[in-house]
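See below for the structure under consideration.
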Amino acid sequence: MSMTILIVDDEENARHNIGKFLTAKGYEFLEAPTLEDAKGFTKRGDADIILLDVQLPDGYGPTLLEDANRMPVRPPVIMITAHGDIDMAVDSMKNGAHDFLQKPIQLEELEKSIRRASEIVRMRRELDHLRRAQQQEHDFILGKSSAMQSVMNQAQRAANASVSVLITGETGTGKEVLARAIHSLGSRSDKPFIAINCAAIQNTVLESELFGYEAGAFTGAEKRKNGLMEVADGGILFLDEISSMPTDMQAKLLRAIEEQAFRRMGGTKLIKVDLQILAASNRDLKKMMDEGGFRDDLYYRLKVVDLHIPPLRERKPDIPELVGFFMGRNNPRMGLNIQDISPQALDALIDHDWPGNIRELKNIIERAMLFCDDAVIDLAHLPAEHVKAL
Ligand SMILES: Nc1ncnc2c1ncn2[C@@H]1O[C@H](COP(=O)(O)OP(=O)(O)OP(=O)(O)O)[C@@H](O)[C@H]1O
Ligand SMILES: [Mg+2]
């Protein structure tokens with residue numbers, strides 16, 4: 001993934017020269033003439049490395065360190081100091097600045113410093129991914145039904161081989177959970193997992209979200225923005241609710257996936273990426289394809305491995321384990337210690353049809369625990385429609 005250097009300097013000439021140099025060395029850059037602009041970029045996470053002039057028209061450069069240090073992947077800050085600013089430079093180093101360079105800037109030194117900073121960014125990114133992966137570690141439970149065993153077996157193969165996967169299943173069956181599991185099982189687990197919900201994003205915005213844009217690509221595109229394909233580089237891009245993607249966008253996506261390269265909107269540079277694509281749908285894509293709503297070339301490209309998660313009503317033997325899992329997870333979170341469920345209540349849960357699948361079961365357990373005053377969940381703690389079968 002490319003590194004974006006934010007050049008904070010009120011002198012246009014200085015920004016221009018440094019920018020030209022960085023581009024030639026394969027870096028990307030953003031420019032901020034004021035402290036306020038610099039803070040905007042920093043807080044949005046647009047800058048991987050910050051090159052910071054000390055005296056700015058609207059304030060004192062080093063105050064930016066605070067904003068930088070608050071980011072999950074902290075961008076290294078290289079201070080540009082004028083002659084005599086040594087005390088300030090020392091102070092800034094104590095406050096977490098990465099390095100300082102004296103004016104006039106020697107480009108060779110600048111490059112060395114940026115190369116070291118890039119290494120640090122890479123390391124911080126990896127640590128950030130590991131931390132996130134760890135937080136998600138206990139979010140998945142398999143169940144013993146043979147259907148799920150087989151899904152998981154194939155998921156492990158897909159993770160090992162790093163191939164495209166199409167995950168289908170009714171709402172609430174755990175498609176997103178499975179996608180994240182594939183991420184944590186495969187060789188890309190220490191790289192990003194980026195999810196985009198195609199149904200939640202307006203069609204007009206989808207393209208700019210995926211591919212990003214250059215400044216001036218369209219009205220309102222004031223500053224360059226990286227697309228999610230770029231953010232996910234090296235890792236996994238999860239296209240959720242892919243059936244909602246308009247067909248013209250499907251064509252652009254297919255090209256990007258096949259070539260593992262794309263251009264930002266309004267841009268000419270071809271950006272190469274290395275991505276594993278996972279997609280999910282709760283609609284029947286095959287049927288949509290026959291009706292012309294989904295491109296068959298994209299369909300076959302996505303379903304190198306086809307994972308169907310059966311609805312919960314078809315794998316009822318998994319219910320007891322899921323119930324135990326949710327109870328165990330909720331106890332510490334809700335400050336409770338509910339250890340058991342009565343046989344009658346469990347029977348009622350097994351009898352239910354679960355149109356909302358695991359999501360519904362999870363909510364019912366949480367609700368039951370909320371209403372339960374002793375150590376055992378019983379029929380009385382379940383909603384009427386979940387017990388009427390008895
Ligand atoms: N195997 C599982 N183990 C633990 N929790 C699960 C499992 N499967 C699903 N869940 C939980 O059920 C809920 C729904 O899961 P998820 O969002 O992955 O479903 P989905 O198939 O993507 O649904 P939708 O089609 O509505 O987007 C989540 O809260 C998730 O944590
Ligand atoms: Mg989902």
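Listed values, structure above:
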item: Options Lys223, Lys286, Lys303, Lys272: the member that is closer than 29 Å to Ala24 by Cα and at pLDDT below 95; result: Lys223
item: Residue list for segment 180-197, restricted to those being near ligand 1 (Cβ under 10 Å from one of its atoms) and out of contact with any Asp or Glu (no Cβ under 8 Å at 6 or more places or on another chain); result: Ala181
item: Single unsatisfied condition, Met369 versus (1) surrounded by 14 or more Cβ atoms within 10 Å (Cβ to Cβ); (2) without any contact (Cβ under 8 Å) to a residue 12 or more places away in the chain; (3) in contact with a helix residue (DSSP H, G or I) (Cβ under 9 Å, 6 or more places away or on another chain); result: (2)
item: Of the criteria (1) over 19 Å from Leu142 (Cα atoms); (2) at pLDDT 95 or above, which one Ile365 fails; result: (1)
item: Residue list for segment 350-361, filter: crowded, with 19+ Cβ neighbours inside 10 Å and part of a helix (DSSP H, G or I); result: Asn357, Ile358, Leu361
item: Test: residue in segment 159-174 that is charged (D, E, K, R) and within 30 Å of Trp354 (Cα to Cα); result: yes
item: Conditions (1) within 26 Å of the chain's Cα centre (by Cα); (2) surrounded by fewer than 21 Cβ atoms within 10 Å (Cβ to Cβ); (3) of a type in the set (A, V, I, L, M, F, W, C): number failed by Ala24; result: (1)
item: Which numbered condition Lys252 fails, given (1) within 16 Å of ligand 1 (Cβ to nearest atom); (2) out of contact with any Asp or Glu (no Cβ under 6 Å at 6 or more places or on another chain); (3) on the phi < 0 side of the Ramachandran plot; (4) of a type outside the set (S, T, N, Q); result: (1)
item: Residue selected from segment 333-374 under the condition more than 35 Å from the chain's Cα centre (by Cα) and of a type in the set (Gly, Ala, Ser), by the criterion farthest from ligand 1 (Cβ to nearest atom); result: Ser342
item: Failed item in (1) within 16 Å of ligand 2 (Cβ to nearest atom); (2) in contact with a Lys or Arg (Cβ under 9 Å, 6 or more places away or on another chain), with Arg264 passing the rest; result: (1)
item: Per-region count, segment 268-283, residues away from ligand 1 (no atom under 16 Å from the Cβ) and either aliphatic (A, V, I, L, M) or touching a strand residue (DSSP E or B) at 6+ places or on another chain (Cβ under 7 Å) (or both); result: 8
item: Sole residue being within 23 Å of Gly227 (Cα to Cα) and without any contact (Cβ under 8 Å) to a residue 60 or more places away in the chain, chosen from Ile78, Ile7, Ile86; result: Ile7
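Residues checked against (1) over 22 Å from Ala232 (Cβ atoms); (2) buried (at least 18 other Cβ atoms within 10 Å of the Cβ); (3) more than 16 Å from ligand 2 (Cβ to nearest atom); (4) outside the structural domain of Pro320 (by TED's automatic domain parsing):
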{"site": "Arg157", "(1), (2), (3), (4)": "no, no, yes, yes"}
{"site": "Ile182", "(1), (2), (3), (4)": "no, yes, no, yes"}
{"site": "Leu185", "(1), (2), (3), (4)": "no, no, yes, yes"}
{"site": "Asp190", "(1), (2), (3), (4)": "no, no, yes, yes"}
{"site": "Phe193", "(1), (2), (3), (4)": "no, yes, no, yes"}
{"site": "Leu210", "(1), (2), (3), (4)": "no, yes, yes, yes"}
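The values are calculated or read from the model by the stated rules, or taken from the named source; none is laboratory data. Source: prediction; values computed, not measured. Cβ atoms come from the backbone with ideal geometry, glycine included; neighbour counts cover every protein chain shown.
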